[in-house]
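The structure under discussion appears below in the form of structure tokens.
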Ligand SMILES: NC(=O)c1ccc[n+]([C@@H]2O[C@H](COP(=O)([O-])OP(=O)(O)OC[C@H]3O[C@@H](n4cnc5c(N)ncnc54)[C@H](O)[C@@H]3O)[C@@H](O)[C@H]2O)c1
């Protein structure tokens, strides 16, 4: 375990479950103080066992206007600064393109895209001022390929890639990197629900590695991007898909 996040403050959204919780654990195990954010009131219970001290939990609906500014301000009040932001809160609301309701479309954009933007913007303001920052946005393999019934999801994740590139240009001179990570199906609540049954078995056959990813494998990639070692990596969209998009 050579990477250390000792002295670093990491703000992780969607930290009550899945990839967000795995990232919070990965960073805390390596010395970071973690500010966890989630809409779920199970957040405190989920993050209670994080190793180390000085963590902080904020229950918030990140789709509410003004929430991102408040969350970043509370994180800075509680810990002094935000060095790392991981935008993991997300939803997958699926339907055929001809049937998808406008409500599902809007709810997908509000969380996956707009909340990732407002969080990156609010954290990016103080990171660029301080001259250091690492932002990692959860996109998906759906950012680079089309998937059945995923029209809103694919659009929101492709948007994340565009946002990440645009912000990277503006913030690189200030020592702030921003990258996206794009997993294939990950075995979390979201992944298991979206890919239950035969549909999931069929999907695994299309992944050269022959399996879905584990949250810890995604957290390990995010840990690298969040580290001091990754200072020259910015504006990228890193696939963690067992070769799915290479075929
Ligand atoms: N699981 C997969 O197969 C997979 C694959 C590729 C990308 N991703 C992406 O990774 C990210 C995390 O996914 P996951 O699988 O860990 O999902 P998850 O459902 O396990 O976790 C998502 C978390 O976001 C929280 N959340 C939902 N709405 C919120 C809101 N309005 N405000 C604050 N928090 C809210 C939920 O309470 C939950 O704890 C998502 O952006 C997802 O799109 C997941």
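Quick note: the coordinates plus some simple rules give every number you see, no bench work behind them. Keep in mind it's a predicted model, so treat the numbers as computed, not measured. Neighbour counts run over all protein chains shown; Cβ positions are idealised from the backbone, glycine included.
Tally the residues that are within 16 Å of the ligand (Cβ to nearest atom) and over 27 Å from residue 98 (Cα atoms), restricting the search to the stretch 126-155.
3
The set of residues from the stretch 125-140 being assigned to a helix (DSSP H, G or I) and crowded, with 22+ Cβ neighbours inside 10 Å comprises just one member, 127.
Select from the stretch 25-44 the residues that are more than 6 Å from the ligand (Cβ to nearest atom) and touching a residue at least 40 places away in the same chain (Cβ under 8 Å) and write down the one among them that is surrounded by the most Cβ atoms within 10 Å (Cβ to Cβ).
The initial filter retains those residues of the stretch 25-44 that are more than 6 Å from the ligand (Cβ to nearest atom), namely 25-37, 41-44.
Add one more test, that the residue is touching a residue at least 40 places away in the same chain (Cβ under 8 Å), and what stays is 25-27, 30, 32-33, 35, 37.
Values: 25: 21, 26: 25, 27: 28, 30: 20, 32: 28, 33: 24, 35: 28, 37: 32.
Per the criteria, the residue is 37.
The single condition among (1) under 22 Å from residue 11 (Cβ atoms); (2) surrounded by 15 or more Cβ atoms within 10 Å (Cβ to Cβ); (3) within 15 Å of the ligand (Cβ to nearest atom) that residue 187 does not meet is (1).
Would you check if residue 97 is more than 27 Å from residue 221 (Cβ to Cβ), in a loop (DSSP other than H, G, I, E, B) and away from the ligand (no atom under 12 Å from the Cβ)? Yes. One residue stands out among those in the stretch 45-70 that are within 8 Å of the ligand (Cβ to nearest atom), touching a residue at least 24 places away in the same chain (Cβ under 8 Å) and part of a loop (DSSP other than H, G, I, E, B): the one that is farthest from residue 21 (Cα to Cα), which is 63.
For (1) farther than 25 Å from residue 165 by Cα; (2) in contact (Cβ under 8 Å) with a residue 24 or more places away in the chain; (3) loosely packed, with under 12 Cβ neighbours inside 10 Å, each residue gets a yes or a no:
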{"position": "191", "(1), (2), (3)": "yes, yes, no"}
{"position": "194", "(1), (2), (3)": "yes, yes, no"}
{"position": "204", "(1), (2), (3)": "yes, no, no"}
{"position": "218", "(1), (2), (3)": "no, yes, no"}
{"position": "226", "(1), (2), (3)": "no, yes, no"}
{"position": "230", "(1), (2), (3)": "no, yes, no"}
{"position": "233", "(1), (2), (3)": "no, yes, no"}
{"position": "244", "(1), (2), (3)": "no, yes, no"}
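Within the stretch 106-125, restricting attention to residues that are over 17 Å from residue 182 (Cα atoms) and in contact with a strand residue (DSSP E or B) (Cβ under 7 Å, 6 or more places away or on another chain), the residue that is nearest to the ligand (Cβ to nearest atom) is 119. Among the residues of the stretch 71-83, those that are within 16 Å of the ligand (Cβ to nearest atom) and in contact (Cβ under 8 Å) with a residue 40 or more places away in the chain comprise 71, 72, 75. Scanning the stretch 154-166 for residues that are in contact (Cβ under 8 Å) with a residue 24 or more places away in the chain and surrounded by fewer than 23 Cβ atoms within 10 Å (Cβ to Cβ) yields 155, 159, 161, 163, 165.
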